[in-house]
Structure formats: structure tokens, C-alpha cells
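Single-structure report; data block below.
Read-outs throughout are calculated quantities, based only on the coordinates presented, and are distinct from any laboratory measurement. Everything quoted here is computed from the prediction, not taken from an experiment. Here Cβ is always computed from backbone atoms with ideal geometry, including for glycine, and neighbour counts include all displayed protein chains.
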Amino acid sequence: MSEQKTGSTRRDFLLRTISIAPAMAIGSGLGSLAVAPAAASAAETPQATGPQQARDYQPTWFTPEEFAFIRAAVARLIPADDRGPGALEAGVPEYIDRQMNTPYATGANWYMQGPFHSDADKALGYQLPLVPRDIYRLGLADADALAKQQHGKVFAQLNAEQQDAFLQALESGNAALPQLPAKTFFSFLLQNTREGFFSDPIHGGNQGLVGWKLINFPGARADFMDWVERGERYTLPPVGIRGERS
């Protein structure tokens, strides 16, 4: 967020940081998905996508209040602009909610035995006794309480400028959350937002394949080896695992 002060610069920052395009399946580590390499120079030639809205979705794990925060936050992290829909329109909130019902959310494949040392060397890896479900439940409650304290409103009711400033404070650690580090909560929210925007639509996000079209990623096509040595732009539209096409 510190480098992303407007919708345009946020989208530019996103594209600059995409060196791999996620053809994703539920995986391990702090992120819930694994990634596969993108087509060469995909991030250099983003494709415009038409207007769209995410399909109607009712959360199964988040409360309505928590889901309102998620919807508002992802809309600021990857906003819609003249190059296409953002995270909200791509269904990222649905993706994140669905992830809360997977082994990833409960840390099923994490080593979660103590001791836990929050001040340990970062090279030692994640050091909190909290799994993703805990991070979201505690972080969302603390963040909305802080927003009420600062503005008299929950995060979802703030204007765009206030929401950006609030997210920047979480990212930098300048906002104090009582139950977990603000940076940890923000990092999970940002990582899952990125994953949802670039995941295969089978997981709930990247609806309309808007993330893949933005970076010219071919998706789950069975074979495109005949294009490898052409030295030209790949022109065929992306395809999802279930056969979705743009």
C-alpha cells in the first residue's frame, strides 16, 4: 500500500510484481495455493477486460460483518480501473471465504507445536500459534474495533481515502491490534487477495478469467508448445481447469 496511493499505481505495482502467474491448486506454506510459471513477458502486455460483477455469493464461514470488511478491503488492494475489473469484481471475497473451509485455514499441514517466539529471526519462519482462521477472526474484529475508535464507523463504512490510509497503517505496523500483529493480518489479507485474483476460477476467484487476461496467461490449456519458439505474443484466450473461456 505504501507504493500504491491511487488505483492506477496499485494496478501498476501489481503487474510489476507478477513474475509468475498462478495456475493454482490448494497447496502448502503460508499461502493457500501453489503457482506455475507464466508465459514469457506476460506482465508487460496487460489485456483490457470488459465490465463485470462477481456472481452472488453468501459466505459460509465469515459473518456478514466480517465479509463486508473483506469485500471493502480487496476492492482497495486491487481496484477496478480502465484496464479491467478488480478483486471485488473477480470474486476474490468468495475465494477467501471458501479457503476458510480447507485444510489450509486450519493449518492442517503446519508444524504448530511451541515454543512460539514472536521476536525470533525471520529466517526461522512463521512463529505465531495462530492458523489462518484465527488470523482472520481476530484480525477482522480488532481492525473494525480500531476503525470505530478512529472514525466512529467500521472499515466497510469508511470512504476510499480513509480505507487506504487504514490499510497502509496495518501494512506498516503503525496500527496496533491487541490480539495479533497488524502486519501479519495485512500480509495474509494481501496474499490471499492476490491468490484469489490469479487462481483458477475453480477456487471461486478470477471470475471471467480477468486476472489471467490482465497478464496474458494462457491458463490450463492442454498444449501450447507450438507457440514456444515463435517469438510473438500468445493470442489465444485463457482456459480454466473446467473449460471456462473468456
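Apply the Kirkwood formula to region 47-108: the hydrodynamic radius equals the inverse of the mean of 1/r over all pairs of different alpha-carbon atoms; give it in Å with one decimal. Averaging 1/r across every pair of different Cα atoms and inverting gives 12.4 Å. When peptides 63-70, 138-145, 227-234 are ranked by their average number of other Cβ atoms within 10 Å per residue, the highest-first order is 138-145, 63-70, 227-234. Normalised by the number of residues in region 158-244, the average gap of Cα pairs under 8 Å and 6 or more apart makes the relative contact order 20 percent.
Expressed in Å, the radius of gyration and Dmax of the Cα atoms of region 108-185 are 14.3, 41.
The fraction of all Cα pairs in region 97-246 landing in successive 5 Å bins from 0 to the largest distance is 2, 8, 13, 15, 14, 13, 12, 10, 7, 4, 1, 0, given as whole percents.
Relative to the current alpha-carbon distance between residue 61 and residue 101, full extension at 0.36 nm per residue lengthens the span by 13.7 nm.
The distance linking region 222-246 with region 104-130 is 39 Å (Cα centroid to Cα centroid, whole angstrom). Rounded to the nearest 0.05, the FRET efficiency derived from the C-beta distance between residue 124 and residue 172 at R0 = 25 Å is 0.65.
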